[in-house]
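Written below as structure tokens is the structure these notes are about.
The values are calculated or read from the model by the stated rules, or taken from the named source; none is laboratory data. Because the structure is predicted, anything quoted here is derived from the model rather than measured. Every residue, glycine among them, receives a Cβ derived from its backbone with ideal geometry; neighbour counts consider all protein chains shown.
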Amino acid sequence: MGRLIAVLLFIAVLVPGVLLARAWGLAAGRRAVAGGAVELVEPTAEGMRTLRRQALHGRRVRQVGLLAGVAGVVASVVLLAEASIFLWVPVLVVGLLLGVLLAEATRPRPRWKTAVPARRPRRREQISAWLLWTMRVLVLVQLAVTFSLWWEGELGDPAAIAALAVPAVAWLLAEIALLRALVRPVPADGADVPVDEALRTWTAHLVTAAVTVLALLPLGTLLLRAGIDPDGVSEGFDFLPVALVAGGFSALAAGIAVAAFLLTWLRPVRSNARALTG
């Protein structure tokens, strides 16, 4: 009976990760709508320049993030030698995702004429509130779990500081990007409005996905570590380790799923008016 309850508990803890992946799957529909709206209009010359400028900026800054990740790998090899082999992929991922966040937080302001009086969109027009608040809650949970393990001496100082600093910095960059996308006035020319909406939608989903991944992957690792710790397993049926292991697997699987959706959002907004020429 205890084993059955443990299996049911394991499955139940996996459900939130499945629901999160499902929510990001639905977000792909929002991307299709926003991208399709751009194809239905012919943007102004300034709108086309804005699309090219934004795509170039994002590509350049993400390349800087990749170079920072490579530099981090080299530094880990110099400092830790062969012990650094397990850090190569995490360091590269962190560099790439921080590059994504920095690119969105520093995007150049479009130069088109804004509406008078100034009009600004609502947050729900850019991204689902569920995805946004899930990101924020996950960061807080990850920071709390990291600090708790650090306080109990389960984590060394370097690992704890990294696990606290990276999600916190990523969250700050995401909030800056989200705020900039929210307060920027909409363009005056109606042909540029779909372009503007698509750019805001892309930014909101990119930063939310990047921070979600940077919260889920370390959270899953920490939960797995706590769940398989022999000192934390008691005699008989102890459901806490089962819940921790299930939560760890769920967080890692959800993080990988969100990362897959993030890759699809990296493609820049494009306009070639295919719907008008057909």
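Some points to look at:
- Any hit, the stretch 85-93, residues being touching a residue at least 60 places away in the same chain (Cβ under 8 Å), among the hydrophobic types (A, V, I, L, M, F, W, C) and either crowded, with 20+ Cβ neighbours inside 10 Å or not in a helix (DSSP H, G or I) (or both): no
- Condition met for Val195 (under 22 Å from Ala28 (Cα atoms) and modelled with pLDDT under 90): yes
- Answer residue from the stretch 21-42, given it is touching a residue at least 40 places away in the same chain (Cβ under 8 Å) and of a type in the set (Val, Ile, Thr) and is surrounded by the most Cβ atoms within 10 Å (Cβ to Cβ) among those: Val38
- Screening Leu143 against (1) under 24 Å from Val38 (Cβ atoms); (2) part of a helix (DSSP H, G or I) leaves a single unmet condition, (1).
- Filter pass, Arg62 being part of a helix (DSSP H, G or I), in contact (Cβ under 8 Å) with a residue 60 or more places away in the chain and not aliphatic (A, V, I, L, M): yes
- Considering the conditions (1) of a type in the set (Ser, Thr, Tyr); (2) at pLDDT 85 or above; (3) not in a helix (DSSP H, G or I), Thr203 is excluded by exactly one of them, (3).
- Selected residue [touching a residue at least 40 places away in the same chain (Cβ under 8 Å), of a type in the set (Val, Ile, Thr) and under 26 Å from Val70 (Cβ atoms)] from Val116, Val207: Val207
This table checks each residue for (1) among the polar types (S, T, N, Q); (2) at pLDDT 85 or above; (3) closer than 30 Å to Ala37 by Cβ; (4) in a helix (DSSP H, G or I).
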| position | (1), (2), (3), (4) |
| --- | --- |
| Asp231 | no, no, no, yes |
| Ser234 | yes, no, no, no |
| Leu240 | no, no, no, yes |
| Gly247 | no, no, no, yes |
| Gly255 | no, yes, no, yes |
| Ala259 | no, yes, yes, yes |
| Leu262 | no, yes, yes, yes |
| Val269 | no, no, yes, no |
